[in-house]
Structure formats: structure tokens, C-alpha cells
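> Take a look at the following structure, please.
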Amino acid sequence: MRTGKGAAAAPARRPGAAVEVDGLVKRYGGRQVVAGLSFTAAAGAVTAVLGPNGAGKTTTIACCEGLRRPDGGRVRVLGLDPVADGAALRPRIGVTLQDGGLPTGAGALEVLRHIAGLHSDPVPVADLVEVLGLASFARTRVRRLSGGQRQRLAVACALVGRPEVVFLDEPSAGLDPQARLAMWDVVARVRAAGACVVLTTHLMEEAERLADLVVVVDGGRVVASGSPAELTRTDSTLAFTARPALPLDSLRAALPPGTDVSETTAGRYLVSGVAAGPQVAATVAAWCAGQDVLPEGLGAARRTLEDVFLDLTGRSLR
């Protein structure tokens, strides 16, 4: 941040870090929803914060945006306290909210132009209209927009000020496949321009496609973090598909020690372990033949981010 005569210098921050969360604690009433959570998001990178409903991710991002005051720990965005230094920080960040936060009585293009006028060097409105496909509903009042249209407008409003840090809450929510691909392209462009992008998402494909760093949150704490490749890496995994609910206990008994099998989703099976090599594949094929089952696609496969997420946070509904 530039400082003039008599202005205080920006607080020091870790090299390359745009967002720093250290030991964050947040309570609502007597209930603790964030319990000592820590992560760092870098400039020029996309950080995806994943977690089941109620895990504390939205509250964490709200603390980073200055919309909630932490009860403990430390949060810094571009070296600034989002609450105490909110006036200095707000022009430098872009935010989308779960409820949109847009004036519902105005037209979509009118809202975007108004927000652009609040910034000294905005992105040309026409550019955002084109890349996010806003032209078809430019004159429609916000309250009449579909969920996907509101989301595209909200992202345009978050980006129009050329922010150094962008917080995107479920950026692909309500989007059709074409709009989703366009949104992913926009996020990639923002990242390439050097901004820090922090997004929450329930789409594992979105996190795998966009994120440099994935932070998995559950129970108000970080339970895992790393790149998608790091989180999905395994020594050796075989995968196959077949009819659901096969009797896996008998297959486990046939497999060598150190090897296990699980049904990750209905009809999709993973055989994992250091010994999951060609002999194990032959064992699986023979067992499937005994079950009168054809193991489709039997072969080496890495775990997906969804597999990791479910292993870390469980499979029960929240």
C-alpha cells in the first residue's frame, strides 16, 4: 500500500502471502463455530476452502472480509486488519456474498456501472458484460434475475475494481455448464493477473480445476491442506465399477495384508495399499468372476478430491 507523508506504513506480512489466518476463533452465543483455524492464501494463486455445511468456512471468510469480528486469533489481508483497517482495505478487495448483497430494484447493468464508478481505475464494464455474458439480462431488475444470472452479476461487481484479493462464495452456484466454464475462465484470468483468489465451493471438480491450494475445514478446524495433487496422491490404487453393494468382506479376505477395498460411491470401488499391483488386479478379477460380475475399467487410478473430502469429513448428512 502506498503511504504518503505522515501515513502509517502497511504492517509487515509473510512474503507472497495475501491472506493470513492464524488461530482464528469465532463464537455465536455460546457456540464455537471456528476453533483455532489457520491457513495462508498466496498472491497470484487460487485457494479453495472446502467443508460440509456448518464446518465454519463461511464464517472464516466473513472474518477475512471484515464482516465478522474474530473472538480470537489473528486475521490479516494484504497486511491489514479487515475490521480495524476496513476503510483502507475495502477498495483493494472484491467480495461476493451468499445472498448476493445486490440492490434488487435496479437493473443489472445499472448496478455494475454504479459499482464501477466507485473505483478510480475500474475494469471496462463492457469487458465484464462480454466475458460473463451479462448482455442478455442487462436491463432486467436484479430481483427478476435467476440464481445463475445473479451470481454472474455478483462476480462482475466483485471484479470491476481490479481487486488484489477476491473472495468468491460458491462462484458456480446455479450456473449451467456453459456459464460454469466461463466463470472458471474468469477466475483463471484473475489469478494470472496476480490477484489472490479465495473461494468456497461444494464442487470438487471446481476445486481440482482451479485451486493451487485446497484447505479442508471441518468442525471449525483445518483437517487437511495441500495442492489437489498432494491431497489425492496415493502409493497405489486400483479402481473398477460394477453393480453396487458387492459383498466386500470376502474380497478383503482374498487380498494381501496392507490392502483394502471400499465402495466410494454406488458401484465405484477402490482397492488401495502399497501392495495394489498386478497380482492384486488378478485377485480382484478372479473374485469378480466368482461373483458373476464384470469389473469395468479395472486398472490404476488416483483418488479424486471427492474421495479425500469424504474420508476426512465423513459421509453422513449434516
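The values are calculated or read from the model by the stated rules, or taken from the named source; none is laboratory data. Keep in mind the model is a prediction, meaning the values are calculated, not measured. For neighbour counting, all protein chains shown are included, and Cβ atoms are generated from backbone atoms with ideal geometry for every residue, glycine included. Quick note on the areas: whole protein, heavy atoms, side chains included, nothing else; ligands and nucleic acids left out. Shrake-Rupley method; radii C 1.70, N 1.55, O 1.52, S 1.80 Å.
> For residue 50, enumerate residues with amide H under 5 Å from its amide H, sequence gap 5+ or separate chain, H modeled in the peptide plane.
Those qualifying (amide H under 5 Å, at least 5 residues apart or on another chain) are 215, 216, 217.
> A follow-up question, please. Express in nm, to one decimal, how much length is gained between residue 193 and residue 135 on full extension, taking 0.36 nm for each residue of separation and deducting their alpha carbon distance.
Extending this stretch completely gives an extra 18.4 nm.
> Please tell me the relative contact order of the chain in percent, rounded to the nearest whole number, where contacts are Cα pairs under 8 Å and at least six residues apart. Each step should come with its number before you reach the end.
Details: 600 pairs, mean separation 60.7, N = 318.
So the answer I get is 19 percent.
> Extension gain residue 32-residue 248, at 0.36 nm per residue separation less the Cα-Cα distance, in nm?
Full extension of this stretch gives 73.8 nm more.
> Per residue of the chain, what 222 nm ellipticity follows from adding -39500 (n - 2.57) for every DSSP H run with n ≥ 4, rounded to the nearest 500?
That calculation yields -9000 deg cm²/dmol at 222 nm.
> In addition: If you put +1 on each Lys and Arg Cβ and -1 on each Asp and Glu Cβ, how big is the dipole of segment 207-318 around its Cα centre, in Debye rounded to 20?
For segment 207-318, the charge dipole is close to 120 debye.
> Sticking with this one: What percent does the relative contact order of segment 37-183 come to when contacts are Cα pairs within less than 8 Å and at least six residues apart?
25 percent
> Evaluate the charge dipole of the chain about its Cα centre and quote only its size in Debye, nearest 20, assuming +1 on the Cβ of each Lys and Arg and -1 on the Cβ of each Asp and Glu.
Charge dipole, the chain, about its Cα centre: 1200 debye, nearest 20.
> Let me ask something additional. Carbon and sulfur together cover what percent of the accessible area of the chain at a 1.4 Å probe radius? Display every interim value, and only then the final one.
Values: 7820 of 15400 Å².
Carbon-and-sulfur percentage of accessible area, whole number: 51.
> Take residue 25 and residue 67, extend 7 Å from each Cα along the Cα→Cβ direction, and tell me the distance between the two endpoints in nm.
2.4 nm
> Put +1 on the Cβ of each Lys and Arg and -1 on the Cβ of each Asp and Glu in the chain; which of 291, 279, 177 then has its Cα farthest toward the positive end of the dipole?
177
> So, with +1 on the Cβ of K and R and -1 on the Cβ of D and E, and no other charges, what is the size of the charge dipole of segment 26-129 about its Cα centre, to the nearest 20 debye?
500 debye
> With a 1.4 Å probe and all protein chains left in place, how much accessible area per residue does the chain have, in Å²? It would help to have the intermediate numbers written out before the result.
Values: 15400 Å² over 318 residues.
Accessible area per residue, the chain: 48 Å².
> If you plug each phi of segment 179-188 into the Karplus form 6.51 cos²θ - 1.76 cosθ + 1.60 with θ = phi - 60°, what whole-Hz ³J(HN,Hα) values come out, in order, with x for Gly and Pro?
Values, residue by residue: 5, 5, 4, 5, 4, 4, 5, 4, 4, 4 Hz.
> Work out the FRET efficiency for residue 293 and residue 182 from their Cβ-Cβ distance, taking R0 = 51 Å, and round it to the nearest 0.05.
So the FRET efficiency works out to roughly 0.80.
> Right, here's the next one. Which length gain, in nm to one decimal place, applies between residue 241 and residue 202 when the Cα-Cα distance is subtracted from 0.36 nm times their residue separation?
Length gained between residue 241 and residue 202: 11.6 nm.
> Using packing as a proxy for protection, rank 254-262, 48-56 so that the peptide with the highest average count of other Cβ atoms within 10 Å comes first.
By packing density, highest mean first, the sequence is 48-56, 254-262.
> Using alpha carbon coordinates only, what is the Rg to Rh ratio of segment 166-309, with Rh defined as the Kirkwood radius?
1.08
> Then there is this: Once you place label points 7 Å from the Cα toward the Cβ at residue 42 and residue 74, how far apart are they in nm?
About 2.1 nm separates the two model spin labels.
> With everything on Cα atoms, drop me the angle between helix 278-290 and the longest principal axis of the chain, reported from 0 to 90° to the nearest 10.
The angle comes out at about 70 degrees.
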